[in-house]
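See structure below.
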Amino acid sequence: MSHKFLEPIKIGNQTVKNRVMFLAMAKNISNFDDSVSAKDIAYVESVAAGGVGLLVPGAMIVDPEWPSVLPLQPGIYDDRFIPGLRRLVLAAHKYDAKILFQLWHPGATNYSGIDPKTVDELTKDEIHAIQDKYLDDFKAAMDTDDKNVRDAALLPIMDKIAEEYPDLTEADLDLVSYKMQKFVVRRWLLDEGKRVDGRGINEIRPLAAEVGILPRVHGSGMFTRGQTQVLTTCTLGGTKDNQLMDDLTDEQTKRYIHHYNFPPYSVGEARAPRSPGRREIGHGALAERALLPVLPSLEEFPYTIRCVSEVLSSNGSTSQASICGSTLALMDAGVPIKAPVAGISCGLITEGDRWMTMLDIQGVEDFHGEMDFKVAGTKQGITAIQMDLKNDGLTMAIIKNALEITYDARVQILDQIMLPCISEPRAEVSQYAPKMITMHIDPERIREVIGKGGSVIQKIVADTGAKVDIDDDGTIHIASANAAACDAAKKCIDDIVFVPEVGKLYYGRVVRLMQFGAFVEIAPGKDGLVHISKLDRKRVEKVEDVVTVGDMIWVKFMEIDEKGRWNLSRKDALIEIEAQQAAAKAAEQQ
């Protein structure tokens, strides 16, 4: 070899400083030969005990031109090497991999008594002996639908094993428990068609749904499936309550926000709560995407919407329960969603050419199975899919089967549980939710509503107590917990941008008298002229003979002249009113 001693080298995109390379092979290969290729090598676990062991994913060990690790220094094997090798062997057992051991330095043949194949066989013999003796005990302990009962029943069994095999470390015992539970779950499913909790292969755990359990929030829904229970609250806000996005996407704001919390107590743990991790962020994003297609547009429902799912108890597929709980909360809050959405998971067990799927997997089936296929959608179609996969891939037959059984499950959840709880979104939003009014004005009139330095809009907000947001296109959103405040703010804006309609009658107040006519206010601060010739049907000598300041009279809007003045007519209004009265009287006589 041309490499200098202790000089780092590159294998793929990794810098290797170690002197020994361990590879866990996915196939049972006992010798290095040309049949071994990169596709046969599976990454198991990085091992670096005292800077000795390293597991390199995807390295091709049979190519003589491929750079290997550095030459070994005689006598390098010492006590630092043993823990790393032990962890590697345990990891290989966990993933059913074959351990191969290779020293690249031709003269380094001193193993110091450490032979990985000896450790390999010793561990297997222990596990086989434990399996022969304690298999029935494990089956009896695991035959329950309550994970807490199952965990409690397994504890005395593991205590017996620890007492009988004192040399086993805590990591060894964890591996024994894992392999025994995996063996029981897989054999029950593949050989007997039996599930841990006694359900049928495509049977869903007991379901329950409830809405309105938190009366002070804008909407709430709780969905329960077996020991998985999620409570979701829905909060409605104004359009300016959108979440500002500061990322690499083109999206500037987010109108629908879904947060997912997975507290320690939901899985029976006692530890300090921390900031959201990958699980919380990922599950929240999945539920958010599942519901986006059914949300109303901003024009239909001018609110910002936030749902928060709290996992109260977890035993598998909490993300799908949060989708169901969020649907319930949205409907309870009065959000007019296009269709209710439900979610369900599908598992997979394979062995050679054999495979089987099972519906609504719980935690132990997810942990020891090979797939967690989550599908959310309505009766009409799928809105979101997410899949965790542990094998080399899926066939079209598996995918087809998974989509079919999850569709049937969604329909069952919707028809039997969710829709009987709340059949459609509530007609009105909660009394505690802000009331919203959306209106449109000419963008050229926006400056009149805002006023100099914002004086006009600030006065509207101060006088009415409503929140007013104006977009550049002339769209105005008015929000308040009090509907009357929204109406008052809208009226103020209507008065500011008021433009009379030609030919329409208005009931206004006389504000000024002139020799040539009277000025009548038909909207706050908006008045027009009734010329003396248009004050009455007969000739009028003086304006004061017909009206005085403060009188309320009907006038008809005639036109806006070339100078922008409003011309009104009391004469035409009287004629039209008399005609309407005559028509109504004739209709009564008939």
Query raised in the report: Under a point-charge model restricted to the Cβ atoms of Lys and Arg (+1) and Asp and Glu (-1), what is the dipole moment magnitude of the range 413-462 relative to its Cα centre, in debye to the nearest 20?
Result: 400
**Report entry** Accessible area of the range 418-522 divided out per residue, in Å², using a probe of 1.4 angstrom
**Finding:** 55
Report task. Whenever you get a sec, compute what percent of the accessible area on the range 173-257 sits on carbon and sulfur atoms (1.4 Å probe). Result -> 50
**Report entry** Cα-centre dipole for the range 414-555 with unit charges at Cβ (Lys and Arg positive, Asp and Glu negative), debye to 20
**Finding:** 560
Query raised in the report: Round to a whole number: what % of the accessible area of the range 303-404 belongs to carbon and sulfur, probe 1.4 Å?
Result: 56
Query raised in the report: Counting other Cβ atoms within 10 Å, which GluC sites (Glu not before Pro) in the range 146-248 have at most 14 and lie in a DSSP loop?
Result: GLU203
Requested in this report: Would you mind telling me the share, in percent, of accessible area of the range 441-590 contributed by carbon and sulfur at probe 1.4 angstrom?
Outcome: 51
Query - Prolate/oblate/rounded call for the range 457-529, Cα gyration tensor, a/c under 1.5 rounded - result: prolate
Query raised in the report: Along its principal axes, what span do the Cα atoms of the range 387-447 show, with the longest given first and each in whole Å?
Result: 63, 35, 18
Requested in this report: Using +1 at the Cβ of each Lys and Arg and -1 at the Cβ of each Asp and Glu in the range 410-484, identify which of ALA462, PRO420, ALA483 lies farthest towards the dipole's positive end.
Outcome: ALA462
Requested in this report: Between GLU521 and GLU588, take the C-beta separation as r, use R0 = 41 Å, and let me know the FRET efficiency to the nearest 0.05.
Outcome: 0.75
**Report entry** Full-extension gain in nm, SER297 to TYR165, via 0.36 nm per residue minus C-alpha separation
**Finding:** 41.1 nm
Requested in this report: Holding the Cα-Cα limit at 25 Å, pick out from LYS240/LYS379; LYS254/LYS452; LYS182/LYS374; LYS147/LYS179; LYS338/LYS400 the pairs that are longer than that.
Outcome: LYS240/LYS379; LYS254/LYS452; LYS338/LYS400
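Identify the GluC sites (Glu not before Pro) of the range 289-318 meeting these criteria: DSSP loop state and at most 16 other C-beta atoms within 10 Å of the C-beta. Mind dumping the intermediate values first?
Values: sites: GLU299, GLU300, GLU310; in loops: GLU299, GLU300.
Sparse-neighbourhood loop GluC sites (Glu not before Pro): GLU299, GLU300.
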**Report entry** Projected-area mean, the range 450-588, by convex hull of Cα positions, square nanometres
**Finding:** 12.1
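Distances longer than 18 Å among the Cα atoms of the range 248-355: what percent of all pairs is that?
That fraction is 56 percent.
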Query raised in the report: Using unit Cβ charges (K, R positive; D, E negative) and no other charged atoms, how large, in debye to the nearest 20, is the dipole of the range 462-539 about its Cα centre?
Result: 820
**Report entry** Simple spin-label estimate for GLU192 and ARG426 in nanometres, 7 Å along Cα-Cβ
**Finding:** 4.8
Report summary line: For the range 207-312, the per residue accessible area (1.4 Å probe, Å²) is 52
Query raised in the report: What is the log10 of I(q)/I(0) for the range 136-215, computed with the Debye formula using one identical point scatterer on each Cα and no solvent, at q = 0.24, 0.25 Å⁻¹?
Result: -1.17, -1.22
Query - the range 238-298: GluC sites (Glu not before Pro) in DSSP loop, at most 16 other beta carbons within 10 Å - result: GLU251, GLU269
Query raised in the report: Extension gain GLN131-GLU501, at 0.36 nm per residue separation less the Cα-Cα distance, in nm?
Result: 124.2 nm
Report task. At 0.36 nm per residue, minus the direct Cα-Cα distance, what do ASN391 and GLU444 gain on full extension? Give it in nm, one decimal, please. Result -> 12.8 nm
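The values are calculated or read from the model by the stated rules, or taken from the named source; none is laboratory data. This one's a predicted model, so the numbers in the text were calculated from it and none came from an experiment. Every residue, glycine among them, receives a Cβ derived from its backbone with ideal geometry; neighbour counts consider all protein chains shown. These area figures cover heavy atoms from the full protein model, side chains too; ligands, DNA and RNA do not enter into them. Shrake-Rupley method; radii C 1.70, N 1.55, O 1.52, S 1.80 Å.
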